Every structure is written in structure tokens, then in C-alpha cells.
Amino acid sequence: MPNKLLTTTNSLAATITGFNAPLPLIDLDKILTIVDDTYNYTTAVDDEKQFNDSNLAGPLETFAQLVRKQHKQPARVLAISSSAGLEAKFLTARGFDLVGTDTSKEMLQRASNRVPAGKFVHMRVQNLQFSPEEKFHAIWNTRTLIHVPHSLVVDLLATWKRLLTPKGILGLGVNIGDRNGWEANEAMSGQPMFYHYYAEGELEEALVAAGYEVVEKVPIGEPSNSPESRNFFVFAQRSDTSLDKAIYSQYVFFDEYEQQRTVEPSELESLIAVLLGAGYLTPEEQTNLCMLYDRLALRDKTDQYGYELAAQKLKLHLQTPETFFTEDFTAWLVMGELHLKLAQYSHAASCLEQALTLRPDHFHTLVRLSYAYNGLKNFDQAIDTGHVAERLFEQSHVSEEERAELYHALGYFYVNRSFKGTNEASVQDKEKGIHYMQLACSTGTNGYKHISGLASIFNETKRYSETIKLFDSFIDNEKTKADEKLENALYFYRAEAGIGTDRYANARTYLARVERYAQASQDWDVLALVKLYQIRAELKLKDVAELSLDDIRSYLSILYEYEPSPYVAESFKLDRENVISILSAFYLINQSVNEQAPFDNIEENLEEAIYYLEQMYERGEERKLHLLVFADNPGVVPGELYKFNCRLHLFRFDEVGTDLTEGEMYQFRVWAILPLTGEASAAVLSAIAFAIGRFSQEGYTIYFYDPKRVLPDFVRKALKEFFVDSIEEIAQFAYINMLYDSARDYLGSTRGSSAMDITLTGQSSSNIDLLPIESEAN
């Protein structure tokens, strides 16, 4: 039987978190992923026809003439979203040295075949990873900006500017019209597509705001030709003007009290606009732009849309050693810290490592780098780096608050590593983790602020009674009551301990209190976390296999409504996405099992359900899928049984119920019984029948492949629904059940992720210390 259930779906399920999820409106990564998938879904469409219908020959010729006029030597041209290479072919035929980017491997291959002289690389339009030395005389792009939200166009265009030489040409193709938002594109089999068509003059304004000078416009057709839209091409060049220092200095002042360069919160947007409008920025100015966006996000934290939009813009402008060159230590430290706040751990590590090459023994950088390694789940390196920082205590004049923060971090690192080690090493790491967190709590006058970290570690190691004692000891403390954030963190961890000890009424009460705090303070990330745990508490009370479709829809609706910002800890984001994926899968499975879906849709539903369940492992959850196999002759078990990514535990029939297999029989809940040769005694078959009857009544799933009809008739009659006709089927169904059981266990746990993330202390500070720019250096 062909394995249809495990094919990768190209439907919307493959591109968003969960079933019936709302489509993103400002998350550019998610928007363009869905757009790319929709385009990939239609790659069978004749790309020659797409090219001819686009009326591109005229605009391409205009672009080529502008480039030749501006740059006499053979020009280097970057084709962003080069697709199948038809436009690239036109440009290389005009003598240009061409580099194309795309996210589709199939399109890149087509382009390479069509244009052997070109170079084609896999890159995303919002993250073009070219080195600082690699510049282009011109950039050509169509079909991209019509899929970018209006609020992000200026920032995206500004990021492309760094790739152009002075006076470099930018050629853009868009549509003029009213289309704006998500649609089900009928021309693309109903796949979702985000559109942003432009008003008259809108693109020209965006180009000027992003630091370009418009040099020519080419409309295709008259406005009256189409009631919906028309093609429109704009050609601009990178402005050659540097940052206007006089205007910049009107916004930036030196705060004598804080001893730092700063800007008034009300003038953040104005100063950002000044920086975006410059033709180019120095590394220090680019770093300041990122800090200003971070500060803007914190200023707008009570405005959920503004908060998330500023964070999305910050992501666009952050740099890495692959795209950025500077010998300024502080610039690398700031870039690393901002990547870290957005849970971009790989980029954070590379920036902070670069900072350490400039100042090898810098305590603050070492601590931040240890956080980045922890985020990458490289716990050994996180701990080693933390201890390097610890050895600098005396020579670096480290404050008590900084010491406490390092102890806090080491506490988490050791506990995180404990889940990856052997039993003895695991116990030692847990004890070290608690020891360091207790040190954090007792270090300095503000050490008490780390009490919530100790509660978190107690919960992570399932010492819920210790969390409850800690809560009772500190919740009425004067210092705790004076610190509303700490007080509510303790209430949250007390609620988590209640879930862990099956005291759900208490948990709900404490979570409701934290919810009121989050709503009053308009802390949307805390509110999203509370909503997730309220749902987790309810799911632990229920048999998730019997959840109604209405229940699941309600839970998913709440999780979609309360989406966290890019600033939240990665473990929370992953846990939320895993819960959404599992609920989505259960919705589809229950719908099919209860015959509430049309018969023709059942296979498609199961395909999507499996996709959702497998996403847990794509996100880094450990794949604990085990199949217990009993065979009369293990040596003849067909290879098809090994095709899925799970672990097989293989035993002979005569080992059923012995000391050798008793532990596995209780531990692994999905079995395969394979009488392949028919060579089994009556006594052995009796033992097998007894074991099957005993464990199937306890909810174990047992599949049979019995081509020679060896098993007794009463077994066949009692469990006829578990008999299959091929090894292929048994492999499929066993795999589905292992995924299902693993998902159910996940929902039954108190905390989803086995490795915690740490919120950096001071992360929410409103202070900003801008780097000095060239005119201020003296």
C-alpha cells in the first residue's frame, strides 16, 4: 500500500502554526513563508507565460539603460526573487554580471539551467546575507513588494540600500490598486496570498523615506485599462548623502545624571526617520538605529500592535559578522544583546564572539554569550563561559548585582543540562543549579529578586513542594509586595506548582490573579503566557482523546488571540506552538474518527494531523517514539518496518512476559505482533494471547500482521480492528499511534519544554545609551 499519509502537504497547514489559524499581518517572516509556499505550489505553471504576461521587456530595457549610464564598467546586478531566471536571462544578455536570490530551490535550479553565466543563491528578501565588501551597481526586483505590508516597506527598502554602491540603481515593479490583505487565490488553487497594491505616489514616497532618489517611472497601461490594478515600475538610485549630523544632534542629548546619550521618547520616530532617510549609515549609526527601534518597542509595550511592529522592524535592521564590519566593541555587544532579546541565538553568539575578540575578558559580554549558548542548547559551552566570567570577579570590579545575575544564569544552565545527562550526572547538575540560584538570591541587596528564578527551577525539577514553601515564605514579604512584577512572578510559579500537584482550583485562582495584573499593566506577553497555562491546566483535567471539536476550537481561538511578541523566551514560544499543533492534530483526528468530516477528506485530514504532530520534533522536542516488536523469527522481519524515524525494540515470541521483556511491555504502549513463519508452540501462543488481552484492556495499542493465520481465532475476533494486511500498514499505523501518544503525554505534562530560557535582567529598561557618531567622537 503506498504511504500516502506521510507525504509533505503543500496546503496552508504546512505554513502556519495550527488548524484554522489567523494569517499574520505584520510578521514578515511568516507572511513571506506562506507567499513562497503558494508560489511553490504553482511551479508547474508555464513560467514563460508568466514572463510574457508581466510586460517586463520595456521596464527591463529602461533599467539596463539607466545602469549603463550610471556605471560604465560591466555592472554587477542583484536580482532579488529571481524566480525561474527569465528576467536574469534578459539582464545577462545585456552584459551584466548577475547574482540572483530566491527561496525556492526548484526556481534556483531552473534559473541556473536557464542562465549558466549567472550565480544563484538561496536567500530571503528580508535577510540578504552578503558581506560588507560585496556591493552591487544595481538591484532589480518585481513581485516582492506587492506581498510586503505597507508598514514594513520603508524599512525593507532601507535594508537593501547597504548592498548598493553610491548612486546604485534600484528597479522595482509593483501594482497600483486597492488590493490589501489576505486572499484565497483562485488562480493558484485557492492557496492563500497576501497582497499590498500601491496608491498613486506611495512607492515614490517610501523610496525617499528609505534614502533613495527617484529618477524615472514607467506605468504599464493607463489607469482606465483595468478596474482593479495596473503594473507600475519605479527606478531610483541610492542617495549619496550621509546622515545629516545637524538634524541628528537636534534630537540626541547627553543625560548628565545617567551619563549617556539619549533621546526623548516622544521623538523616537522622528530620529528613526532621519536615520532611515540617509543614503548610507556608518556602523555606529546602524547600531543606533537598532537601539532606537528597541527603545520604541519598549515605549509602545502597552500598544500591542505598535510593540510588535517595532520588534519586527528591529529584526530587519540587525546585523551579523557576515553582513557588518566594525572594530567598535560596543557595536558588536549591542548587536549581540538585541539578537539575544529576540531569541536569535546563533546571530547573538556570532556577534558576541566578535565583541570578545576585541575585549577578551569583558565580564558583561561573557555573561551574554553564555546566554546565547544556552539558547542554542549548548549547555556545556554556556556553563564553561559562565565560569570564565566567574573567575573575573576580582579583577573586573564586578558589582554584587552582576554577580547575582551570573549565579542566576548558571543555575538555569546546570538545570537545563541535567535533562541531557546520565542519571548520576543529572542529579549533580540539578543540585548545582539549585545551589547557584540560591547564591543569586543571597547576593547583594537586590538578590531577593531572583527568588522567582529559584521557584522556576524547583518547578522544572518537579520539586513543587519547595516552590510552595518558597511562595509561603516570601509572598507577604514587604520587598515582594513593593515589587509588583516579582510578586506576580511568584503567583505564576505557585500556579504552576498547583498544576504539577493536581491542585487545579488553586492554580486557576493564582493564574486569574496574574491575568488581572497583566491586563492592568497591559503586559501582552505575560497575558499570553497566562492564557497558555490556563489551557494547560484544563487539558490536564481532561481525557484529551475525548475533547469535543467545540472545546478544541475554543482553546485554539484563545491561543491565536493572545500571541506573544518576538521578545518572549523561546521556550514559551515553542511550548505554545506545540500545544497549538497538538490541538490542531487532535481536532482533525477526532473529526475523522467521529465521522464528522466528509469521507473523501479523511485521508487529507490525517495527512495534516500527522504534519502537525511531527512539527514538535522539527522544533527540537526529543523524538521519543518506541515500537515494541514480538516476532516468531526476528531475523525475517521485513525492512519496511524500519522506514520511520522511531526506535524498535525487537524480541522473540518465547520472550513474552519474561524478566527480559516485562519492563518494555509496561513502558512502550504501541506493539507489533508478527507471526511471520508460523513456527510457534501452543504454549508460546497462549502466553502471547494472555499478554495481549491483559495490556489491550489497559489502553495499549497492539497491531498484528499474521499472514499465515497462526494466532488463535478468539484473539482475531476480539481484536480484529488491529489486524493489518501488510508490514507497510503496521508501520504506518504504529507510527501514527506513537505520535498520538507522545502528543497526549506532552499535554499531560506541567511544562512543555525540557530546557528553559532566561529573561535577561534589565531587559525591559527604558534607558538608551546611543553610540557616539563621527561628529561627536571628540
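The values are calculated or read from the model by the stated rules, or taken from the named source; none is laboratory data. Here the structure is a predicted model, which is why all the values come from computation and not from measurement. Here the Cβ is made from the backbone with ideal geometry for all residues, glycine too, and neighbour counts use every protein chain on show. Side chains included, ligands, DNA and RNA excluded: accessible areas come from the protein's heavy atoms. Shrake-Rupley method; radii C 1.70, N 1.55, O 1.52, S 1.80 Å.
Quick notes
- In summary, GLN319 fulfils each of the numbered conditions (1) open to solvent by 20 Å² or more (accessible area, probe 1.4 Å); (2) closer than 21 Å to VAL148 by Cα with the single exception of condition (1).
- Hey, LEU275 over 21 Å from PHE324 (Cβ atoms) and either part of a helix (DSSP H, G or I) or open to solvent by 60 Å² or more (accessible area, probe 1.4 Å) (or both) or not: no
- Strands (runs of 3 or more DSSP E) contained in the stretch 120-198 and holding at least 1 residues open to solvent by less than 10 Å² (accessible area, probe 1.4 Å): 136-142, 164-177, 191-196
- Filter result (part of a loop (DSSP other than H, G, I, E, B), farther than 17 Å from ALA734 by Cβ and in contact (Cβ under 8 Å) with a residue 24 or more places away in the chain) within the stretch 653-680: VAL656, GLY657, THR677, GLY678, GLU679, ALA680
- Only one entry in THR443, THR501 is surrounded by 18 or more Cβ atoms within 10 Å (Cβ to Cβ) and in contact with a Phe, Trp or Tyr (Cβ under 8 Å, 6 or more places away or on another chain), namely THR443.
- Annotation: of all residues in the stretch 460-472 being modelled with pLDDT of 95 or more and of a type in the set (S, T, N, Q), the one that is surrounded by the most Cβ atoms within 10 Å (Cβ to Cβ) is THR467.
- Filter pass, VAL568 being among the β-branched types (Val, Ile, Thr), open to solvent by less than 20 Å² (accessible area, probe 1.4 Å) and at pLDDT 90 or above: no
- Within the stretch 613-640, the residues that satisfy the criterion of being farther than 26 Å from TYR666 by Cβ and charged (D, E, K, R) are GLU614, GLU618, ARG619, GLU640.
- ALA246 vs. criteria in a helix (DSSP H, G or I) and under 24 Å from ALA355 (Cβ atoms): no
- The residue that is nearest to GLN319 (Cα to Cα), counting only those in the stretch 107-119 that are exposed (fewer than 15 other Cβ atoms within 10 Å of the Cβ) and among the polar types (S, T, N, Q), is GLN109.
- Odd one out for ILE383 among (1) open to solvent by 20 Å² or more (accessible area, probe 1.4 Å); (2) part of a helix (DSSP H, G or I); (3) over 30 Å from SER151 (Cβ atoms); (4) touching a Leu at 6+ places or on another chain (Cβ under 8 Å): (1)
- Of all residues in the stretch 543-565, those being within 24 Å of the chain's Cα centre (by Cα), part of a helix (DSSP H, G or I) and charged (D, E, K, R) number 2.
- Pairs, first within 15 Å of LEU316 (Cβ to Cβ) in the stretch 282-297, second of a type in the set (Ser, Thr, Tyr), C-beta under 6 Å, six or more apart: ALA297/TYR307
- In the stretch 603-624, the residues that are at pLDDT below 85 reach residues that are of a type in the set (D, E, K, R) with C-beta atoms within less than 6 angstrom, at least six apart or across chains, in these pairs: TYR617/ARG623.
- Considering the stretch 710-738, and only residues there that are surrounded by 14 or more Cβ atoms within 10 Å (Cβ to Cβ) and over 40 Å from the mean Cα position of the chain (by Cα), the residue that is nearest to LYS643 (Cα to Cα) turns out to be PHE723.
- For the stretch 363-373, the count of residues that are in a loop (DSSP other than H, G, I, E, B) and not aromatic (Phe, Trp, Tyr) is zero.
- Selected residue (criterion: least open to solvent (accessible area, probe 1.4 Å)) from residues of the stretch 251-267 that are hydroxyl-bearing (Ser, Thr, Tyr) and under 15 Å from ASP294 (Cα atoms): THR262
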